[in-house]
Amino acid sequence: MKALAKNREVLLGFIVAAIVLAVGIRAPVFLTGESLVNVITDTCFLFMLTLAQMAIILTRGIDLSLAANLALTGMAVALVSRAMPEVPLGLIILLAIVIGAALGSINGALVAYVGIPPIVVTLGTLAIFRGLIFLLAGGQWLTSKDMSEAFLSFPHANLLGVPSLIWIAGLVIAAFWILYRQTQFGRGLYAIGGNPVAARYCGINIPRQQFIVYTIAGAVSGLCGYLWVARYGIAFVDNAQGYELTIIAACVIGGVSIAGGIGTVSGALLGALFLGVIVNALPVINVSPFWQMLISGFVILAAVIVNARSERPIGKLILASARKLERKA
Amino acid sequence: MNDQPSILVLSGLSKSFPGVRALNDAKLTLRSGEVTALLGENGAGKSTLVKILTGIYRPDAGEILIDGKAQHFNQPTDSWAAGIAAIHQETVMFDELSVAENIFMGHMPRKKSGLIDWPLLHSKSQELLKRIEAEFTSDTILKTLGVAQKHMVEIARALSHNARIIIMDEPTAALSGREIDDLFDIINQLKSQGCAIIFISHKFEEIFKIADRWTCLRDGEYVGDGAIKDVTQAQLVKLMVGRSIDQVFPKRNVTIGKTVLEVDDLSNATEFDGASFNLRQGEILGFYGLVGAGRSELMQSLFGISQAERGTVKVNGNIVKIENPSDAISAGIAYVPEDRQVQGTFQPFGIRENITLPSIANHAASNVISYTDELATTRKFGARLSVKASSWEQRLNELSGGNQQKVVIAKWLATKPNILILDEPTKGIDIGSKAAVHEFIGELAGEGLAIILVSSELPEVIGMSDSIQVMHEGKFIRRFSGAEISPEAIVNAASGGAH
């Protein structure tokens, strides 16, 4: 089973590579270093947010408000930057993380301590966050002329020839890898999703863990909120509209089980990369956005069908003869 | 052996749930290096006692002493800390994670940085697996293991907590003969290391083989304890079932009519094999067996929820093919399932909508549902079962368990069945409603309905049934009728013993 999961990731990797090569043959300009770095840079948001969403999905939850959180936080820091251009960049980034985490913790509290289903909570906060953007900015659009030079230039800055956005995404990915792989908290997320009753009997504080994952996801959204506004030079109500579904799609394609308890960092990253390549590569060879949607849709369904575990026994093993067979198998 | 120090002393333990007194002044003493068999019928309070010991329930009254010190368990972790670990009836663990993670979930060895120390985690796990002579490695993914191996993981998990008191709840239920021997080897090893073990099993053969002492509960109360070598199986059975069971249940005088249901050699691959029986008008046929004997699965197949692979079902002499519940309903079979909340009711719907749902076609002469017809049916059956509600539109989740159960029965009666299958009809309902349900079952039989009563409550099944079919591990053991019916004989047959 482990082999199959690995194989699926390898398969997904091959598909991504095949798309890149196929597009490259039709349009060699796509295979230049600059163009590929651009694809990766564009996908950085999806990498970070997919890993954040994965933490929540592992616990059998879902967060529909991540993109709205991103847009609201982005607007908030853009307004701060307009009002006080002298605020140092470090403080802006910190502020974005804190605002995002605070918004996420609202979801966390409602899910973990009030006991409302995650899909309902985050559907509500999605609408509230979007509404707040309008109120906060009075319906205005903030464009690059409203933001300070330092604010705008950071995502485009290079360190050792690599854009800062990639550095940040790299740090976030590393942090998530450590969380999922090397901490008891992270393994506990798998336990909660895999078998909540057993997890409780193991002494895992399920509400606390839930609260924390929604807060972490919010913090990542907040960070992405600043980066998004700075990279694209615009903050408005419909920023990243619908992106929450792209994030969930990347999780599903990457083999994160919506039923909870299953998912790997490498799988989730490949899922995000797949969507990033579809969105960036296909326009190069003039494939219309509608075809992109169609392809993504088919891949999501294919991924779910592959994930559907068909190995469950048909009935309970009550007869002694059936149990013997099971052991031999 | 009696001079071993006692590790655990429970006394005066009581626990009530709404309508049910699960434990009343129970007591239990465990000594180190001894296996104590905890005996009792279904519902005697064994699982409640285990749940109190493992910190899942809090007792209403009573004292738990470990090494003479009073303990208060507010959550499972408190109970581990005191050295208690339980191995559950159905292995409750994490299929997708490795054996090592399953053993140490919640208390993984960590490095100074707070990160998991994987090498240490695996070496510790490997050590524990070696101690119980397991033949798989600590990095195996749990779901690739068989049931017996999963048990070993649970035992390793108990040992990882340095547990000195290990509760084994039906540990052999899913094991083969050889695996049971292996388990007993492990138990003997744990004994020699000074552990005290609570062993819960319905199989007397095993109890006499492995246990040193016994404690018996009945109806939540302590009824006796002692050394295994001083007692016989017959004495234990008598203690477990010893109560008068004839007052509560309405005696009926019913003329048994013609045969309505003939089941011949009904079998499927994994759940039941060679089920053959007849059922006549006005007859109540009890089905008794231990939990997991395959009774509910057989009934679900009769009702078309699952498919049998072999065998025939005849209703009124005609062979019927039952491929789904709607076939069963048209053949005149109604099934009141065990899990009322999930399988029996639509909680957010009102009483009227619940009662008329399976027979909705009868209330829709011209494809439009007639509200007045529906209300008439609801009134008729609701009143017959004396459902207590503020109105017929009251939502099910506002009713008590007993009243919900009455609605479920009413709903199936509204389909005008010839054969009524009741699966644990009084499970979890209060005594008053229980008596009403019993009385009503008697009345229905008096009207000529053929009834199958699946029940794990011995007094209920003996008090209500004309004859009793006993199942064990998916097979029919014996059908008892009339004077053959005795609690002892039935408990023996259900334990799989022909002793």
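The values are calculated or read from the model by the stated rules, or taken from the named source; none is laboratory data. Model, not experiment: these values are computed from the prediction. Cβ coordinates were reconstructed from backbone atoms using ideal geometry, including for glycine residues, and neighbour counts include every protein chain displayed. Side chains are part of the model used for accessible areas, which takes the heavy atoms of the whole protein and leaves out ligands, DNA and RNA. Shrake-Rupley method; radii C 1.70, N 1.55, O 1.52, S 1.80 Å.
Some notes on this structure:
- Close amide H contacts of B:His161 (hydrogens built in the peptide plane, cut-off under 5 Å, sequence separation of 5 or more or a different chain): none are found.
- Furthest towards positive pole of dipole, B:Ser400, B:Gly311, B:Thr372, structure part segment B:259-494, Cβ charges: B:Thr372
- Global geometry of chain B, whether rounded, prolate or oblate, following the gyration tensor of its Cα atoms and the 1.5 cut on a/c: prolate
- Threshold 30 Å², segment B:449-491 residues less accessible with all protein chains present than alone (1.4 Å probe): B:Glu473
- Only helices enter this figure: runs of n ≥ 4 DSSP H residues, each worth -39500 (n - 2.57), summed and divided by the residues of chain A, yield -24000 deg cm²/dmol at 222 nm to the nearest 500.
- Electrostatic bookkeeping for B:Met168 treats Lys and Arg as +1 and Asp and Glu as -1; over the other residues with beta carbon under 11 Å from its beta carbon, the sum is -4.
- Once you reduce segment A:1-80 and segment A:238-266 to the center of their Cα atoms, the two points are 9 Å from each other.
- The B and A chains share an interface that buries close to 3100 Å² of accessible area, total over both sides, probe 1.4 Å.
- Scanning chain A for GluC sites (Glu not before Pro) that sit in a DSSP loop and have at most 10 other Cβ atoms within 10 Å, the longest stretch containing none of them is A:87-310.
- On Cα atoms only, tilt of A:265-281 relative to the major axis of chain A in degrees: 50
- Expressed as a whole percent, the accessible surface of segment B:414-474 that belongs to carbon and sulfur atoms is 49, based on a 1.4 Å probe.
- Pairs exceeding 28 Å between alpha-carbon atoms, taken from B:Lys321/B:Lys388; B:Lys191/B:Lys475; B:Lys321/B:Lys380; B:Lys314/B:Lys427; B:Lys69/B:Lys203; B:Lys27/B:Lys191: B:Lys321/B:Lys388; B:Lys191/B:Lys475; B:Lys321/B:Lys380; B:Lys314/B:Lys427; B:Lys69/B:Lys203.
- Percent of beta bridges antiparallel (DSSP, chain B, rounded to nearest 5): 55
- Residue-by-residue Karplus 3J(HN,Hα) for segment B:361-366, coefficients 6.51, -1.76, 1.60, Hz, glycine and proline x: 4, 5, 9, 9, 3, 10
- The alpha carbon radius of gyration of segment A:172-299, expressed as a multiple of 2.2 N^0.38 Å, is 1.24.
- Between 0 and 90 degrees, the angle of helix A:89-109 with respect to the longest Cα principal axis of chain A falls at about 40 degrees.
- ³J(HN,Hα), Karplus 6.51/-1.76/1.60, whole Hz, each residue of segment B:65-76, x for Gly, Pro: 10, 10, 6, x, 9, 5, 10, 10, 9, 9, 7, x
- Amide hydrogen neighbours beyond the local backbone of B:Tyr335, cut-off 5 Å, H modeled: B:Ile421
- Between the listed residues B:Leu217, B:Gln75, B:Ser113, the Cα displaced farthest toward the positive end of the dipole of chain B, a dipole computed from Cβ unit charges relative to the Cα centre, is found at B:Gln75.
- When shorter helices are ignored and each DSSP H run of at least 4 residues is given -39500 (n - 2.57), the per-residue value for chain B at 222 nm works out to -9500 deg cm²/dmol.
- Carbon plus sulfur fraction of accessible area for chain A, probe 1.4 Å, in percent: 72
- The phi torsions of segment A:191-200, fed into the Karplus equation with coefficients 6.51, -1.76 and 1.60 and a -60° offset, translate into couplings of 5, 4, x, x, 6, x, 5, 4, 4, 5 Hz, rounded to whole numbers, with Gly and Pro shown as x.
- Listed peptides B:108-119, B:343-354, A:205-216 appear in the order A:205-216, B:343-354, B:108-119 once ranked by packing, highest mean of other Cβ atoms within 10 Å at the front.
- Remark: mean inter-chain Cβ contacts per residue of B:263-275 equal 3, using a 10 Å Cβ-Cβ cutoff to other protein chain atoms.
- DSSP beta bridge pairing in segment B:259-494, given as percent antiparallel to the nearest 5: 50
- The mean accessible area for residues of segment A:2-307, using a 1.4 Å probe and ignoring ligands and nucleic acids, is 42 Å² per residue.
- Dipole magnitude (debye, nearest 20) for chain A, charges at Cβ of Lys, Arg, Asp, Glu: 1620
- Note on A:188-195: average number of Cβ atoms from other chains within 10 Å of each residue's Cβ is 5.
- Peptide B:108-117 shows a mean partner chain C-beta count of 3 within 10 Å per residue C-beta.
- Test item: Cα-centred dipole of segment B:6-241, Lys/Arg +1 and Asp/Glu -1 on Cβ, debye: 520
- Per residue, segment B:1-129 exposes 43 Å² of accessible surface when a 1.4 Å probe is rolled over the protein heavy atoms with every protein chain present.
- With Cα atoms as the point set, chain A shows a radius of gyration and Dmax of 21.2, 78 Å.
- For chain A, the longest principal axis of the alpha carbon atoms and the long axis of helix A:2-26 meet at an angle near 40°.
- Selection among A:Thr50, A:Thr143, A:Val197 by position relative to the dipole of segment A:2-307 gives A:Val197 as farthest towards the positive end (Cβ unit charges, Cα centre).
- Cα-centre dipole for segment B:259-494 with unit charges at Cβ (Lys and Arg positive, Asp and Glu negative), debye to 20: 580
- Sequence-distant residues sharing a close amide H with B:Ile369 (under 5 Å, placed H): none
- DSSP finds beta bridges in the protein assembly as shown, and of those with both partners inside it, around 60 percent are antiparallel.
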